[in-house]
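The values are calculated or read from the model by the stated rules, or taken from the named source; none is laboratory data. Only a predicted model underlies this, so the values are computations on that prediction, with no experimental measurement involved. Cβ: placed from backbone, ideal geometry, glycine included. Neighbour counts: every protein chain shown.
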Amino acid sequence: MKLSQIIIPIIVMATILTACQSSTIKNAEKKILPVPAYSQNQAFNDYWYNNQAELDRYELKQARYGKYRNGNAVFIFVTEHLSPLKHVKAYNKDEKDIPVLKLNQTRKFITGIYPYSIMSSVFTPVNLELNPFTLRETFTEQEWCGLEFSRLDYSGTGYEGMLNSYFPDEGDIPLQLPNAMLEDEIYTRIRINPEMLPAGDILIIPSMQHIRFRHLETRAEEAFASIKDSVSGDQNLQIYTVKYKNIQRTLQLVFNAEFPHKIQQFKESYLSGFGDDAHLMTTVGTLTNSIMLDYWSKNNPEDTTYRKALGLGM
């Protein structure tokens, strides 16, 4: 065989591989959203970019299996930079990385003999005008029967993700959803700028926790949203309400009208229990403690004192 007969096919193959890689890169680049700046609000930057996180503890009255359960909810708000391609934390900051406000929301309560541990993470761009959609949400629920995990990533045209569950009809289901607001991002939107909250008829993806509790299909729902001053007459408080049209669920968030718009209470009304035992109940979380702390550096035995400061005991 002549040398040219060997070299030419190799060159052709290399060209094809290069073209494929180039195509893959171009497709990936389509998902890169516009590069935002930090918030234009200096008060926001001063509060959130101080190398600390805000830790908020809520006294929790959680409706589960048709009964109320006492527990704790902890909200961890912190700013980060997110990779626009991988949607993971960017340690080596690049000009294309997107500044986000992250909320890790945890809930812990006990049903009978066994405990529940629930956590969701949402990553919402600080500059909502340039990036109007939360980039990622992850959710996990653990209890003695097993665990469930959900993930949604914004693709530029909607959300893509996966549901993993130990339930036989819900395991390993790919998710594809349209452009819509996530219920779980309302908390971060309030903290960034409540004026950016949508009002009127909206399309919204319900809380991951609610979807799993009720074993619903993960899909966008129609709802009506409104914002008003607190009924108590306190002009410093506002209430944002989302009432779903086709599922029995209403969310209410009470927050300070003035910056930093701290969330004072959340209420979730929905059916709890199954079959004939299902009835409308309202989960309530009321803020009791709030501290600013670089918690990631507080991992020594003596640092458990910070738990007491947060109202979690030792």
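For region 60-80, does any single residue satisfy the condition of being among the hydroxyl-bearing types (Ser, Thr, Tyr) and at pLDDT below 90?
No, region 60-80 has no match at all.
Look through 194, 206 and report the one residue that is in contact (Cβ under 8 Å) with a residue 24 or more places away in the chain and over 24 Å from residue 151 (Cα atoms). Even if it seems obvious, please write down each step before you answer.
On the way: 206 fails: over 24 Å from residue 151 (Cα atoms).
Answer to the selection: 194.
Just checking, how many residues over region 119-161 are closer than 15 Å to residue 103 by Cβ, among the β-branched types (Val, Ile, Thr) and outside any strand (DSSP E or B)?
2
Cβ contacts < 8 Å: first residue free of Cβ contacts under 8 Å to residues at least 24 places away in the same chain, restricted to region 81-104; second residue of a type in the set (D, E, K, R) and part of a strand (DSSP E or B), any location; separation 6+ or different chain. Result?
81/89; 83/89; 89/80; 90/80
Search region 45-58 for residues that are touching a residue at least 40 places away in the same chain (Cβ under 8 Å) and outside any helix (DSSP H, G or I) and pair each with any residue that is surrounded by fewer than 21 Cβ atoms within 10 Å (Cβ to Cβ) and acidic (Asp, Glu) when their beta-carbon atoms are under 9 Å apart and the residues are at least 6 apart or on different chains.
Note: pairs meeting the criteria are 51/294; 52/294; 53/294.
Inspect all residues belonging to region 86-106 and state whether any of them is assigned to a loop (DSSP other than H, G, I, E, B), at pLDDT below 95, under 26 Å from residue 204 (Cβ atoms) and not charged (D, E, K, R).
yes
Among the residues of region 1-19, are any at pLDDT 50 or above and not in a strand (DSSP E or B)? Spell out how you get there, then give the answer.
Of the residues in region 1-19, the ones at pLDDT 50 or above are none.
Within region 1-19, not a single residue is at pLDDT 50 or above and not in a strand (DSSP E or B).
I need a count of the residues in region 162-174 that are touching a residue at least 40 places away in the same chain (Cβ under 8 Å) and either farther than 27 Å from residue 111 by Cβ or part of a loop (DSSP other than H, G, I, E, B) (or both).
Of the residues in region 162-174, 2 are touching a residue at least 40 places away in the same chain (Cβ under 8 Å) and either farther than 27 Å from residue 111 by Cβ or part of a loop (DSSP other than H, G, I, E, B) (or both).
Residue-wise test of (1) more than 20 Å from residue 227 (Cα to Cα); (2) surrounded by 13 or more Cβ atoms within 10 Å (Cβ to Cβ).
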| site | (1), (2) |
| --- | --- |
| 265 | no, yes |
| 274 | yes, no |
| 278 | yes, yes |
| 281 | yes, yes |
| 286 | no, yes |
| 296 | yes, no |
| 299 | yes, no |
| 311 | yes, yes |
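Taking only region 133-144 into account, find how many residues are out of contact with any helix residue (DSSP H, G or I) (no Cβ under 8 Å at 6 or more places or on another chain) and touching a residue at least 24 places away in the same chain (Cβ under 8 Å).
Step one: list which residues in region 133-144 are out of contact with any helix residue (DSSP H, G or I) (no Cβ under 8 Å at 6 or more places or on another chain), which gives 133, 135-136, 138, 140, 142-144.
If we keep only those that are touching a residue at least 24 places away in the same chain (Cβ under 8 Å) too, we end up with 133, 135-136, 142-144.
Matching residues across region 133-144 total 6.
I'm trying to understand the selection: among the residues of region 234-257, which are at pLDDT 95 or above, surrounded by fewer than 20 Cβ atoms within 10 Å (Cβ to Cβ) and among the charged types (D, E, K, R)?
243, 245
Of the numbered conditions (1) touching a residue at least 60 places away in the same chain (Cβ under 8 Å); (2) closer than 29 Å to residue 63 by Cα, residue 292 fails exactly one; give the number of that condition.
(2)
Could you go through region 265-287 and let me know if any residue there is in a helix (DSSP H, G or I) and either without any contact (Cβ under 8 Å) to a residue 40 or more places away in the chain or touching an Asp or Glu at 6+ places or on another chain (Cβ under 6 Å) (or both).
We begin by selecting, within region 265-287, every residue in a helix (DSSP H, G or I); these are 275-277.
Subsequent filtering for residues that are either without any contact (Cβ under 8 Å) to a residue 40 or more places away in the chain or touching an Asp or Glu at 6+ places or on another chain (Cβ under 6 Å) (or both) retains 275-276.
The answer is yes; a qualifying residue exists.
Collect the residues in region 97-113 that are exposed (fewer than 14 other Cβ atoms within 10 Å of the Cβ) and farther than 21 Å from residue 65 by Cβ, keeping them in residue-number order. Spell out how you get there, then give the answer.
First, the residues of region 97-113 that are exposed (fewer than 14 other Cβ atoms within 10 Å of the Cβ): 112-113.
Scanning region 97-113 gives no hits.
Among the residues of region 205-258, count how many are over 29 Å from residue 278 (Cα atoms) and part of a loop (DSSP other than H, G, I, E, B).
Step one: filter region 205-258 for residues over 29 Å from residue 278 (Cα atoms), giving 227-238, 255-258.
Retained after the next criterion (residues that are part of a loop (DSSP other than H, G, I, E, B)): 230-236, 257-258.
Residues that pass the stated criteria total 9.
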